[in-house]
Structures are given as structure tokens and as C-alpha cells.
Amino acid sequence: MTADRSPLPRTALAELLTEAAQNVSGILTAEYPTAADRSYLHPVLGPLSAGPQVVGELNEQFEEFIAAEPRPTTPAGLFALASYASALGWLTESFTELTASVDQICTRVGIPLEPRDPIAEPDDAAEGATSGFAFSAQELAAIRTAAKAAGLPPDDYVEVLSLSLLAASRITDACMEVSNGLLEDAAYVLDEATDHVRLGDGPDSLPSLVRSLLARMETAK
């Protein structure tokens, strides 16, 4: 016979959400050594290396949360459960998209490249341009150096670097939204005067992350 477990107190629930938020935000400061011939992947390698581990740790914590309180019945427990589940799902989806983006970049780089005319040296009257972007002479020199090390024409290097920066921007936005949402929900749980967080039919009674996900779904329609 399984002994009854007491529901987690508000402080423990808030701590659970806060710790998860800190782990997610730590993804954004992760560093990963990048070889010169893969420098165009530098913006995404840190998050790509740290993300799966964080997702795995959050999943383990989520399972422990469920095990500690098999059937959350208090409003505070249900609120925290919904917030945590939303964060885990959002983060998992975001890293699936990041992995797909990196795969596309690697595929693009692996395509046989047709010979291209070398980029003309910029003169004193004009700055150089690569792939539609305007660069200074100093920036063009740095691009040529990085592209040469990567074995890519400068135009292709700028293209894949741009894709990498875009993917990095998206995962950064996702991690910040998830982390901030968890912190907001933790503060809401902790600031309640009693263990009974208000749950109702209105949208304001939902966790911040759930509201954000619903808003995204509505925008995507």
C-alpha cells in the first residue's frame, strides 16, 4: 500500500520553477569551442551543446515532481505543473527546430560549390558588398579570412553565417520567454497568501507560459 504524500508547499513549488528558469537561462551563456573551418556555426554551437542536457534534466525533474505528487490536486500544484509542462514542451520544440536549422546549414555547406568569380577588392570610393550586404573594407577582409579557413566562397560564408545567426536569435528568444515565464509563475505561486492559487475560467488564471503558448497558437492561425 502506497503511503499518502503531502502536497508540495508553495515555497517548494516556486523553487522548482525558479530552478528550471535558471537552467534554461544558462543555455544562453554556454560556450563551445569552434574550429576555424566551422566558424559559421559558432552562434549556435553553445546552445546546441547545452540545450539537450538541460531538456533532459528538466524532464527528470518533471518526472520527480509527478512522482512526489502523483495527482496534484491543490490549485498551486496544478498551476506549477501546467507551467513546468508548458516550459518543457516549448523548450523541446525549440531545440528540435534549432537542430533542423543546423542540419540545413550543414547540408548547404556540403553541396558541391560552383566556381565563383572572386570578389573585387574595394576601392577608396566604395565599400564592398557580399550577398546583398554592405561591408567595410575591414569587414570584407575578415570575411575573406574566415571564408578561406572554412573552405567557402565569401558569398556562401555570409549566407550560412546569416542562417546561423538567425537560428541563434530564435533559440535565444525562446529560452528568454521560457525562463521569464517560469520566473513569473514562480513569483505568482510564492506571493499567494495561502496554498490555494486562484484557478478559474479566465485567461488571467492560467500560468504565464500557458497564456504565451495560447497566444502563439492564435497568431499562427
Residues of segment 175-211 satisfying the condition of being at pLDDT 65 or above and either open to solvent by 40 Å² or more (accessible area, probe 1.4 Å) or outside any helix (DSSP H, G or I) (or both): Met176, Glu177, Asn180, Leu183, Glu184, Ala187, Tyr188, Leu190, Asp191, Leu206, Pro207, Arg211
Could you tell me which numbered condition Gln138 fails, if it satisfies all but one of (1) open to solvent by 10 Å² or more (accessible area, probe 1.4 Å); (2) within 29 Å of the chain's Cα centre (by Cα)? (2)
Scan Thr34, Thr73 and give me the residue that is outside any helix (DSSP H, G or I) and surrounded by 14 or more Cβ atoms within 10 Å (Cβ to Cβ). Thr34
I want to confirm something. Restricting to segment 103-155 and keeping residues that are among the charged types (D, E, K, R) and assigned to a helix (DSSP H, G or I), which single residue is modelled with the lowest pLDDT? Glu139
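Inspect all residues belonging to segment 40-61 and state whether any of them is hydroxyl-bearing (Ser, Thr, Tyr) and in a helix (DSSP H, G or I).
Yes: segment 40-61 contains one or more residues that are hydroxyl-bearing (Ser, Thr, Tyr) and in a helix (DSSP H, G or I).
In segment 56-65, is there at least one residue being in contact with an Asp or Glu (Cβ under 7 Å, 6 or more places away or on another chain) and closer than 14 Å to Leu182 by Cα?
No: zero hits.
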Condition check for Glu159: modelled with pLDDT of 90 or more, assigned to a helix (DSSP H, G or I) and charged (D, E, K, R): yes
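The values are calculated or read from the model by the stated rules, or taken from the named source; none is laboratory data. Everything numeric in this text was worked out from a predicted model, so none of it was measured. Counting neighbours? That spans all protein chains shown, and the Cβs are built from the backbone with ideal geometry, glycine included. What goes into the accessible areas is simple: the full protein's heavy atoms, side chains included, and nothing from ligands, DNA or RNA. Shrake-Rupley method; radii C 1.70, N 1.55, O 1.52, S 1.80 Å.
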